[in-house]
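Input: one structure, supplied below.
The values are calculated or read from the model by the stated rules, or taken from the named source; none is laboratory data. Note that the coordinates shown come from a computational prediction; the quantities given were computed from them, not determined experimentally. Here the Cβ positions follow ideal geometry from the backbone for every residue, glycine too, while neighbour counts run over all protein chains shown. What goes into the accessible areas is simple: the full protein's heavy atoms, side chains included, and nothing from ligands, DNA or RNA. Shrake-Rupley method; radii C 1.70, N 1.55, O 1.52, S 1.80 Å.
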Amino acid sequence: MDIVVSDYGSAEAAEVKSTVEQAGGRVIRTERSGPWSRSRALNAGVQGTSAPYVITTDSDMIFSPRTVEKLLALLATHDTTVHLVQCRDLSSRIGAEQAEHASMQELEEDSFFRPRWGMGGLIAFRRADFNRIGGYDARMEVYGGEDIDFAQRLVRSGRRLNWVDDPEVRIYHIWHPPTRDAVAADPVQKAAQDKNREIMLKDVSWIRNFNIGYHAEPVASVLIATRNRAAYLMDSINSTLSQTVQDIEIVVMDDGSDDETPDILAEIDDPRVRTMRQAPLGVAAARNKLVDAARAPFVVVQDDDDIMLPWRIKAHFEAMSAELAGTYGGWVDFDNITGETQVVQGREYDAAAFMYASRVLAHGTSMLRTDVLRRFRYREFLLAGVDFNLIARLSHAGYQFRHTKHLHILRRMHGLNLTAVSQGNQKNAATRTVRILQQRDTSSHANKLRNDAKNLPTTRCHYVDRLVDVVLPYLPDHLMHRRVTIPDSPEGQIERAQDLIDISGAKHITGWRDAPDLVLDGLDLASLARLRRAGIMFSVAPAPSETVDGNGNNEFQSLEAQILPALPSSGLIEDDAINLVTICRIPGLKATASDLGQDEVRSRVWSCGSDEHEVRVQTVTSIKDALLFMSPDDTAISVIFMPSRTADMVQTPAVIA
């Protein structure tokens, strides 16, 4: 038995260490600059030992002689049960000095049973369960609520609670002046307890503490099957490494690529990324091997050309509960050339919705239990529709899924998507899957499900009304010019950021606590991943448009100053071809001149630098036609006419910027 006292920054460190070691225990000392936290103290103690079974309690408890023995027997017998012992409070007649010499009979006769409205006393559990849910919630400070929250999360993860009622299993609480009176008189400590209570009552997730170090194994395995997607793969990987949840692994299966994919994967320098390679056997075979290789209890499905939004994995866990096979979310389709977007929020899951309604869920937005995937597996003999087939079989087997009410990915539309390339095969495969499963239903039941699916509402996702400033900043680097703000902190975030990324041209502004924030424009997705791995907090937004040039003009003034003087002094004549330039408020989105009349410029992509607006150029043939584009539009900032020959003047991105 390993007896550990977690000393979380006490002033009398030497005395604590000496006392504990003389009694046969050991001390794990944690230095701290912030407030006391019972949660973090307990986590430090558990992480400092390797024992398979753990009992947590307070330093003012006395154990009856057979308590540990019997708790260990219960833990060894019932592998899905967590055991609790409610303490008995001693009266003021038995303080610390008296308790040291009192017999067990005296303690029993003097004590009174504390009601079970809390978890007052002791909880015994498997270390594996502690690792699985991430320990006590490290956000909780002072004390209060952390034991109840911990036990409730164990229940939500599938464990049972057992209150031990055995006369030989006793813990007695030594009397001392109530700590709660001092806490109630301190506004800071009282606020901390109120926060603890809010976490305990409102946060229904059961996995917590997503920073690296709290979990012995990754909480999620992100699986990416890829083949010949070298141009997009690193965006997918970097967006995954930019997650607010960092205790993850990424496993990539290269399904026989013959482009630069192997070289790109070989250059990745992150121990959380593992790569595998096989002959080209197809996406189903690749995913099955990835599932077999996963080390985490949950698998996050990520496509090699999509971008994962930073809150995705956290949202999965916040919505996960023991009865579910998985969780999923909405997505945003974006055109890889123009940046045009379409939001698909998805629908609440049920069998009718998935089988008979469209756009309920995208497989690439889902997180599934690893054991379920290993049991059902992807059908490798199918040429298309393997994702739909898997979810349909899970649905028919009775498994349930839950929408997180979050957008999860930016789904890149580039013309070579599997869905687009084999659209006919995908539809045929889905139709065959539905027909096979319908054979087990009566026609009347199938018709009822189909009618029910028609009336299912679309789920309302977070941030849909703030798409431009919260979601779109994570578009690929060629479409988005983003601004990253790093607040200063006692841990020296800004100094650490300087060691990770290029901060030349950075600006310092006054933050909300009068501390200097570091503001950087133009950071790429790879830089966001490096910052997140280092534990640096930051916010991301579109870069602002009112960038001032060397002459004191903003970007729109510079644009007009370069183009307007080139217009003929006699004005625009009817038979001239005219280019109409409309600048629209789409923050951060870089422009594509795909509608120019001249073939030699049609495919040119113009970067707008730090401009946060889309520049759309369209050729019209007359003044009359041009006027059709001048109808009131609250998104238009300015409209500029110029003869078509002036398009030749637009030689560099700087003209647009």
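Given the whole protein assembly as supplied and a 1.4 Å probe, what does the accessible area of V222 come to in Å², nearest 10?
V222 exposes around 0 Å² with every protein chain in place.
Ok, one more. Quick one: accessible surface of E323, probe radius 1.4 Å, all protein chains present, in square angstrom to the nearest 10.
Approximately 120 Å² of E323 is accessible to the 1.4 Å probe.
Using only the Cα atoms of region 237-393, each taken as one equal point scatterer with no solvent, compute I(q) by the Debye sum, divide by I(0), and report log10 of the ratio at q = 0.09, 0.14, 0.17, 0.21 Å⁻¹.
-0.31, -0.79, -1.20, -1.72
Follow-up. What figure in square angstrom, to the nearest 10, would you give for the accessible area of R66 with a 1.4 Å probe?
In the full protein context, R66 sits at about 90 Å².
Sorting M104, M200 by accessible area (1.4 Å probe), largest first, what list results?
From most exposed to least exposed: M104, M200.
Okay, next question. Accessible area per residue, 1.4 Å probe, Å², for region 162-247: what's the number?
Result: 46 Å² per residue.
Sort 368-379, 402-413 by packing, meaning the average of other beta carbons within 10 Å per residue, with the highest value first.
402-413, 368-379
Quick check: with the 1.4 Å probe, what order do K70, K17, K454 take by accessible area, largest first?
Ranked from most to least accessible, the order is K454, K17, K70.
Counting only protein chains, not ligands or nucleic acids, how are L324, L456 ordered by accessible area (probe 1.4 Å), most first?
L456, L324
Here is a further query. Quick one: accessible area per residue over region 41-118, 1.4 Å probe, rounded to a whole number of Å²?
Per residue, region 41-118 has 54 Å² of solvent-accessible surface.
Here is a follow-up. Longer than 32 Å from Cα to Cα, which of K195/K507; K70/K314; K289/K314; K17/K190; K202/K289 are they? Say none if no pair is.
Distance filter (> 32 Å) returns K195/K507; K70/K314; K202/K289.
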